[in-house]
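Read through the structure below, which is laid out as C-alpha cells, and then see the notes.
The values are calculated or read from the model by the stated rules, or taken from the named source; none is laboratory data. Remember, it's a predicted structure, so these values are computed and weren't measured experimentally. Cβ placement follows ideal geometry from the backbone for every residue including glycine, while neighbour counts extend to all protein chains displayed.
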Amino acid sequence: MIASLAGTVTQVALDRAVLDVQGVGYLVHATPATLAGLRPGEPAHLHTTLVVREDSMTVYGFADADEREVFETAQSVSGVGPRIALAMLAVLTPDALRRAIAAEDTAALRRVPGVGAKSAQRIVLELTGKLGAPGSDGGATHVAAAFTDGRGQVVEALVGLGWSAKVAEDAVAKVLAEAGTDVVAEADVPATLRAALRRLGPRG
C-alpha cells in the first residue's frame, strides 16, 4: 500500500490534486479541507491509502494519519465505499464522526451526501466501538479555526487553488448574496465552493 506521499504540488482541483514525487505525478483524491492546505509549486506531505478495484487504482490523501484510519474503518460498513467515506470526512472531522456514532446522531450523518436514514443507522450500528473515543478537536466540521462557519473554508480552498484572498472573499460574498444569506452551513461548503468556482471561471 502507498502509505504516504511527499513531493511538490503541481495541480489542485475541487476534489483532487496532483503531487509530483521524483518525477512521477500522483493523482490524489482528498477532502476540500485537505486540498485547501495545498499550494501549487510548494512541497506537501500526505498520508495516503490506495484503493484497488478491478478497473482502477485510486489514491486518497489525508492531512493526518487519523483521517486516513477513519476513512479506512468507515469502509468496513456495508454499502460504504471510498466515495462515501471521503464525503463523511468532507462534512465531519474524525472526532465529530466519533461523537455522532457515540450519540447515535443519525441527523449529523444524513448531512453527508449519499447517506440516507437507513444507511445512517447502519453506520452507527457497524461503527460503534470501532473508531475509538473522541478527542477534543471541538468542531463538528472541517472549518479553519479562525472562522465560525463554512465560509472561511470555501475562501481557504479558493486561495489554495491560486486566487488571492480578496478575490476569493469577493466571489464567495457574491454567491452568498445571490442565495440571500451571509453564512455558509458546513454541509453546504462543497456546493458553495462549486458556485464560487463557476463565478470565477478558469484560472489563467
Any residue in the range 120-135 that is surrounded by 17 or more Cβ atoms within 10 Å (Cβ to Cβ) and assigned to a helix (DSSP H, G or I) sitting within a Cβ distance under 6 Å of a residue that is of a type in the set (Asp, Glu) and at pLDDT below 95? List the pairs, counting only those 6 or more apart or interchain.
124/104
Applying the selection to the range 69-83, what residues are in contact (Cβ under 8 Å) with a residue 40 or more places away in the chain and not in a helix (DSSP H, G or I)?
76, 77, 78, 79, 80
Across (1) in a helix (DSSP H, G or I); (2) of a type in the set (D, E, K, R); (3) in contact with a strand residue (DSSP E or B) (Cβ under 7 Å, 6 or more places away or on another chain), residue 20 clears everything bar (1)
Number of positions in the range 6-20 that are under 12 Å from residue 34 (Cβ atoms) and in contact with a Gly (Cβ under 8 Å, 6 or more places away or on another chain):
4
Can you spot a residue in the range 66-73 that is among the acidic types (Asp, Glu), crowded, with 20+ Cβ neighbours inside 10 Å and touching a strand residue (DSSP E or B) at 6+ places or on another chain (Cβ under 8 Å)?
yes
Please go through (1) assigned to a helix (DSSP H, G or I); (2) touching a helix residue (DSSP H, G or I) at 6+ places or on another chain (Cβ under 8 Å) for residue 60 and return the number of the only condition it doesn't satisfy.
(1)
Taking the stated definitions as given, is residue 94 without any contact (Cβ under 8 Å) to a residue 60 or more places away in the chain, in contact with an Asp or Glu (Cβ under 8 Å, 6 or more places away or on another chain) and within 25 Å of residue 153 (Cα to Cα)?
yes
Is it true that residue 52 is without any contact (Cβ under 8 Å) to a residue 12 or more places away in the chain and not in a loop (DSSP other than H, G, I, E, B)?
yes
So which of 145, 177 is farther than 18 Å from residue 111 by Cβ, surrounded by fewer than 16 Cβ atoms within 10 Å (Cβ to Cβ), out of contact with any Asp or Glu (no Cβ under 8 Å at 6 or more places or on another chain) and at pLDDT 75 or above?
177
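Residue by residue, here is whether (1) modelled with pLDDT under 80; (2) surrounded by 15 or more Cβ atoms within 10 Å (Cβ to Cβ); (3) in the same structural domain as residue 39 (by TED's automatic domain parsing) holds:
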position	(1), (2), (3)
157	yes, yes, no
163	yes, yes, no
185	yes, no, no
192	no, yes, no
Out of curiosity, is residue 52 more than 17 Å from the chain's Cα centre (by Cα), surrounded by 18 or more Cβ atoms within 10 Å (Cβ to Cβ) and more than 23 Å from residue 156 (Cα to Cα)?
no
